[in-house]
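Notes to accompany the following structure.
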Amino acid sequence: MIDERTARRLARRHAAERRFKLYGMASVAVALAFLVALLVTIVGKGYTAFAQTEIAVEVSFDAGAVKEGDFAGLVKSALAARFPEVTARNEKRELFGLISSGADRVLRDMVRDDPGLIGQRRVVTLLASDDVDMVVKGHVTAESGRLNARQAEWLASLRQAGAVSLGFNTTFFTAGDSREPELAGVGGAVVGSLLAMVVTLCLAFPLGVATAVYLEEFAPKNRWTELIEVNINNLAAVPSIVFGLLGLALFLNFLNMPRSAPLVGGLVLTLMSLPVIIIASRAALKAVPPSIREAARGLGASRLQVVTHHVLPLAMPGILTGTIIATAHAIGETAPLLMIGMVAFIVDIPAGFLDPATVLPVQVYLWADSPERAFVERTSAAIMILLAFLAVMNLLAIVLRKKFERRW
Amino acid sequence: MGDHTMRAYDAELERLAQTITRMGGLAESQLDQAIGALVGRDSDLAARVVAGDRQIDDLEHEVQNLTVRLLALRQPMAIDLRAIVAALRISSDLERIGDYAANVAKRALVLNRIPVVEPVGAIPRMGRVVAEIIREVLDAYVESDADKALAAWRRDEEVDEMHTSLFRELITYMMEDPRNITACTHLMFIAKNIERIGDHATNVAETIHFLVRGTPIEGDRPKADGIAPPPEAEEEIP
Amino acid sequence: MNVASKPALGQATLDDRRLAKVSARDVDVFYGAKQALKSVSIDIRPNEVTALIGPSGCGKSTFLRCLNRMNDLIESCRVVGSIWLDGEDIYTSGLDPVQLRARVGMVFQKPNPFPKTIYDNVAYGPRIHGLSRSRAELDEIVMTSLEKAGLIDEVKDRLQEQGTGLSGGQQQRLCIARAIAVSPEVILMDEPCSALDPIATAKVEELIDELRQRYTIVIVTHSMQQAARVSQRTGFFHLGELVECGETEQIFTNPRHKLTQGYITGRFG
């Protein structure tokens with residue numbers, strides 16, 4: 001029925017289609033492979049940061065030392081008591097190096113919570129130093145690490161006695177930044193990010209939606225609105241560092257706002273995400289069928305009523321999705337925040353919009369720059385938290401869209 | 001006409017018009033031949049006319065089928081609608097004309113078996129006028145000419161007058177000699193038939209006027225006889 | 001063929017335009033430089049269905065949208081001439097377009113219920129115009145509107161369901177109910193059945209015929225059969241001009257103008 005040429009051409013067409021499908025599948029596979037590689041690397045490197053080595057020692061809460069507030073002394077005497085053979089001064093310093101310099105805080109907190117402890121002896125698990133932590137987690141061997149032979153020996157003896165254990169690293173979530181990796185956490189950065197995000201959302205959402213509604217529903221279509229439209233589209237493509245420079249010049253130098261503050265960070269991120277929100281909102285408004293507008297106008301609704309009663313509610317899922325994705329993008333932004341001083345080393349968790357703060361991506365950037373081996377896993381852990389943050393926001397976007405999506 | 005976006009529609013309307021024209025031509029020649037058979041005392045011809053009526057009946061059926069089909073499939077409007085309705089009406093008028101012509105032929109067969117009576121001469125004159133009216137009406141149909149149809153319509157008066165005078169003449173003959181009664185009665189019916197054919201021809205003319213102008217002819221049809229029943233009332237052919 | 005200078009054939013206008021419900025005189029509409037309507041004069045008589053027919057782009061929908069100023073929404077659109085509603089010029093008398101649209105309702109080509117409940121769809125107009133003082137009064141308006149639209153039996157148990165969940169024909173009748181709910185005097189219908197199947201179309205046409213008792217209806221349609229079925233008067237538009245207007249029966253059996261004849265018999269150039 002089909003002549004030979006037609007059959008050949010048909011076969012070629014089918015082959016081309018199969019090839020194209022294969023190419024497509026291959027590119028998806030490559031993209032997936034990259035994603036998996038990224039996740040595996042980050043998770044593989046970072047998951048250990050959620051655990052922390054602890055060393056159990058018997059501490060005697062000497063009343064005198066407690067009174068003087070010399071909790072570090074308590075730690076030292078506990079260690080000295082554990083290893084009575086260590087007497088030399090520099091050996092002692094090496095011994096004390098096994099325990100984190102922040103361990104005394106645990107004792108102080110214990111005494112504050114229970115003053116009855118004074119004069120008693122208790123076995124307390126103390127935070128190990130990052131060098132010990134690395135050895136225990138197996139990231140470095142005792143020989144290659146920063147522990148010397150004696151320290152390695154003590155550690156081995158402690159491990160033999162079962163005094164060394166891995167516990168959940170709460171510090172990582174609650175603490176701010178620190179020079180000591182075992183004391184450093186993302187708490188400050190998370191709070192900083194949240195504060196900046198609140199500022200961004202509160203400013204960018206209403207401004208963006210109002211702009212989009214005006215341009216789409218009210219503005220006359222002429223040269224000026226066209227110019228504005230082109231400019232908004234261009235702004236969306238401006239490199240983020242430029243927004244940082246703008247923020248530096250405008251908010252810090254001209255308006256004298258505080259450096260490193262989440263408020264300023266939020267303002268800069270607002271500038272950055274506004275064009276994206278406007279474009280997304282306009283697209284969502286455009287997607288509302290004109291027949292709905294006509295129906296409302298035909299019933300005698302005013303322009304504003306058409307917008308507030310019909311168009312905006314129908315466009316809201318799209319607008320929200322755009323806003324959330326723009327905000328999520330802003331949350332992951334580093335460059336503009338470097339310009340306004342959010343790159344500073346800040347130990348305290350910010351309590352308000354004007355406190356100095358840093359944000360998650362900047363924290364990642366800072367830690368990635370630090371030499372200590374223990375910061376490597378913390379960098380990855382911080383990235384995981386950032387990714388989780390973004391995943392939650394994108395999920396929220398999808399849920400909102402699904403929930404409010406309407407068909408007509 | 002013509003120029004429909006759907007060309008098949010044009011073809012169907014054309015076929016309808018052609019069928020009507022053929023029917024008209026046939027009816028006209030049936031009348032001619034019936035009169036000829038009467039005047040020439042030609043029984044063969046008369047028999048052929050009687051048999052020929054079948055053809056007209058068949059054509060009428062064809063017209064009916066065509067119109068029903070057009071109405072169902074094309075949803076005709078305006079001029080097309082009028083053309084189709086007109087075709088239906090014209091075909092039924094022509095069919096009646098055919099019936100009357102056949103009846104004239106049947107009576108001619110009877111008259112051929114009895115002696116000639118004088119007034120036979122007036123019949124062909126009347127028949128010629130009616131045949132002319134039919135021809136004019138058919139021309140008007142082919143040319144979609146309402147004025148021509150109107151002119152033919154007016155000529156019916158002539159026929160009515162001729163019928164009235166022939167009627168009186170025949171009554172006189174019958175009163176003079178009762179032996180003439182059979183022949184004269186037949187002649188009277190023949191005259192009546194021809195007069196009815198004229199009426200149907202005027203009906204066709206009216207239909208053509210409606211077809212072309214979309215309105216009926218204004219005013220009443222001129223009536224010259226005082227005895228013929230109104231043309232609207234269909235009567236049995238005796 | 002130029003018929004611009006001549007008035008439309010047939011009785012497009014009445015001797016006294018105040019007798020008309022809606023009266024248009026010499027209406028020109030321009031979209032930018034393009035003229036969409038040329039000197040249209042027509043009187044829409046009360047309690048009649050007037051059908052506007054004509055080929056695509058002939059200006060019939062444009063004219064319809066002039067009657068409730070829906071063309072105002074198009075920036076480049078300019079309307080010249082006068083349109084009266086009950087003797088009041090709707091463009092110059094200071095009548096608010098929003099108020100005008102409450103008096104001149106509209107039903108569109110595609111059924112376009114709001115993505116809200118059936119109840120809210122019908123209640124929307126009365127709500128924005130403040131036509132009811134209490135919930136009970138609003139219920140009453142909704143129920144009578146649905147009843148007038150012949151939809152009540154089909155939806156009375158599901159008023160809280162989405163209007164978009166109805167079938168196409170039901171949606172269109174819902175849109176008619178929605179338009180009726182604001183008690184308009186004139187209802188404009190822009191090809192209301194073009195998206196419906198024949199049965200739904202028949203129901204809507206039957207409804208239109210009933211609504212004629214209370215409202216003046218102007219319907220734009222592409223279906224000549226529909227125009228013939230539902231309307232008492234028909235106007236034929238061609239290239240922005242009202243070519244002919246008259247009794248529907250006359251237009252469809254014996255149109256006066258060659259263009260009308262050509263259009264309705266399917267002989268269009």
Original post:
Taking C:Gly94 and the conditions (1) more than 14 Å from every other protein chain (Cβ to nearest Cβ); (2) part of a strand (DSSP E or B), which numbered condition does it fall short on, given that it satisfies the others?
Top reply: (2)
Subject >> Members of region B:34-44 found to be part of a helix (DSSP H, G or I) and either surrounded by fewer than 21 Cβ atoms within 10 Å (Cβ to Cβ) or in contact with a Gly (Cβ under 6 Å, 6 or more places away or on another chain) (or both), listed by number >> reply: B:Ile35, B:Gly36, B:Val39, B:Ser43, B:Asp44
**OP:** Take B:Asp42 and decide whether it is modelled with pLDDT under 90 and more than 14 Å from chain C (Cβ to nearest Cβ).
**Re:** yes
**OP:** Name the single residue, out of those in region C:150-172 being of a type in the set (D, E, K, R) and in contact (Cβ under 8 Å) with a residue 24 or more places away in the chain, that is farthest from the other protein chains (Cβ to nearest Cβ).
**Re:** C:Arg158
**OP:** With respect to B:Val104, determine if the residue is within 25 Å of the chain's Cα centre (by Cα), in a helix (DSSP H, G or I), over 17 Å from B:Asn203 (Cβ atoms) and in contact (Cβ under 8 Å) with a residue 24 or more places away in the chain.
**Re:** yes
Original post:
Does any residue of region A:363-376 turn out to be in a loop (DSSP other than H, G, I, E, B), within 18 Å of the chain's Cα centre (by Cα) and away from every other protein chain (no Cβ under 14 Å)?
Top reply: yes
**OP:** Determine if region C:15-23 includes at least one residue that is within 27 Å of C:Leu207 (Cβ to Cβ), more than 14 Å from every other protein chain (Cβ to nearest Cβ), surrounded by 23 or more Cβ atoms within 10 Å (Cβ to Cβ) and free of Cβ contacts under 8 Å to residues at least 60 places away in the same chain.
**Re:** no
**OP:** Among the numbered conditions (1) assigned by TED's automatic domain parsing to the domain that holds A:Thr171; (2) under 27 Å from A:Pro181 (Cα atoms); (3) buried (at least 16 other Cβ atoms within 10 Å of the Cβ), tell me where A:Glu58 comes up short.
**Re:** (3)
**OP:** Run down C:Thr234, C:Thr248, C:Thr260, C:Thr265 and say which single residue is without any contact (Cβ under 8 Å) to a residue 24 or more places away in the chain and within 14 Å of another protein chain (Cβ to nearest Cβ).
**Re:** C:Thr265
Original post:
Can you name every residue in region B:20-37 that is over 20 Å from B:Lys192 (Cα atoms) and without any contact (Cβ under 8 Å) to a residue 60 or more places away in the chain?
Top reply: B:Arg22
Original post:
Does B:Met162 satisfy the condition of being surrounded by 19 or more Cβ atoms within 10 Å (Cβ to Cβ), assigned to a helix (DSSP H, G or I) and over 16 Å from the mean Cα position of the chain (by Cα)?
Top reply: yes
Subject >> Matching residues, region B:70-95, being within 24 Å of C:Ala227 (Cβ to Cβ) and not aliphatic (A, V, I, L, M) >> reply: B:Arg74, B:Gln75, B:Pro76, B:Asp80, B:Arg82
Original post:
Would region C:92-110 turn up any residue that is farther than 29 Å from C:Gly125 by Cα, in contact with a strand residue (DSSP E or B) (Cβ under 8 Å, 6 or more places away or on another chain) and touching a residue at least 40 places away in the same chain (Cβ under 8 Å)?
Top reply: no
Original post:
Taking interchain pairs and intrachain pairs at least six residues apart, which have beta carbon atoms under 9 angstrom, with the first residue in region C:44-60 and assigned to a loop (DSSP other than H, G, I, E, B) and the second buried (at least 24 other Cβ atoms within 10 Å of the Cβ) and polar (S, T, N, Q)?
Top reply: C:Glu48/C:Ser231
Original post:
So how many residues does region A:313-348 have that are in a helix (DSSP H, G or I) and under 17 Å from the mean Cα position of the chain (by Cα)?
Top reply: 12
Subject >> Of residues in region A:234-268 being among the polar types (S, T, N, Q) and part of a helix (DSSP H, G or I), the one surrounded by the most Cβ atoms within 10 Å (Cβ to Cβ) >> reply: A:Ser240
**OP:** May I ask you to say which residue of A:Thr334, A:Thr323 is surrounded by fewer than 22 Cβ atoms within 10 Å (Cβ to Cβ) and either among the β-branched types (Val, Ile, Thr) or within 30 Å of C:Leu188 (Cβ to Cβ) (or both)?
**Re:** A:Thr334
Original post:
Inside region C:154-269, counting only strands (runs of 3 or more DSSP E) that do not spill past its ends, which hold 1 or more residues that are crowded, with 22+ Cβ neighbours inside 10 Å and among the polar types (S, T, N, Q)?
Top reply: C:216-220, C:233-238
Original post:
Failed condition for B:Asp139, given (1) free of Cβ contacts under 8 Å to residues at least 12 places away in the same chain; (2) within 25 Å of B:Gly40 (Cα to Cα), with all others met?
Top reply: (2)
Original post:
Any residue at all in region B:200-218 that is in a helix (DSSP H, G or I), in contact (Cβ under 8 Å) with a residue 40 or more places away in the chain, under 15 Å from B:Arg125 (Cβ atoms) and in contact with a helix residue (DSSP H, G or I) (Cβ under 7 Å, 6 or more places away or on another chain)?
Top reply: no
Original post:
Only one of (1) assigned to a helix (DSSP H, G or I); (2) surrounded by 14 or more Cβ atoms within 10 Å (Cβ to Cβ); (3) out of contact with any Ser or Thr (no Cβ under 7 Å at 6 or more places or on another chain) is not met by A:Val30, so which one is it?
Top reply: (2)
Original post:
Taking interchain pairs and intrachain pairs at least six residues apart, which have beta carbon atoms under 7 angstrom, with the first residue in region A:344-365 and at positive phi and the second not in a loop (DSSP other than H, G, I, E, B)?
Top reply: none
Subject >> region A:60-80 residues that are closer than 23 Å to A:Ser129 by Cα, paired with ones that are outside any helix (DSSP H, G or I) and acidic (Asp, Glu) (beta carbon under 7 Å, 6 or more apart) >> reply: A:Leu74/A:Asp62; A:Ala78/A:Glu58
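One line per residue, one yes/no per condition, for (1) farther than 20 Å from A:Ala368 by Cβ; (2) assigned to a helix (DSSP H, G or I):
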| residue | (1), (2) |
| --- | --- |
| A:Arg112 | yes, yes |
| A:Leu126 | yes, no |
| A:Asp133 | no, yes |
| A:Val136 | yes, yes |
| A:Ser144 | yes, no |
| A:Arg159 | yes, yes |
| A:Leu166 | yes, no |
| A:Asp177 | no, no |
Subject >> Hits in region A:217-232 (condition: among the polar types (S, T, N, Q), in a helix (DSSP H, G or I) and at pLDDT below 90) >> reply: A:Thr225
Original post:
From the list B:Val110, B:Val129, B:Val116, which residue is out of contact with any Ser or Thr (no Cβ under 8 Å at 6 or more places or on another chain) and not in a helix (DSSP H, G or I)?
Top reply: B:Val116
Subject >> Among the candidates A:Ala296, A:Ala280, residue that is away from every other protein chain (no Cβ under 13 Å), assigned to a helix (DSSP H, G or I), in contact (Cβ under 8 Å) with a residue 12 or more places away in the chain and surrounded by 21 or more Cβ atoms within 10 Å (Cβ to Cβ) >> reply: A:Ala280
**OP:** Report, by residue number, each residue of region A:304-316 that is more than 9 Å from chain C (Cβ to nearest Cβ) and within 20 Å of C:Met106 (Cα to Cα).
**Re:** A:Leu304, A:Val306, A:Val307, A:Val311
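The values are calculated or read from the model by the stated rules, or taken from the named source; none is laboratory data. Everything numeric here is computed off the predicted structure, so don't read it as measured data. Virtual Cβ from ideal backbone geometry, glycine too; neighbours counted across all protein chains shown.
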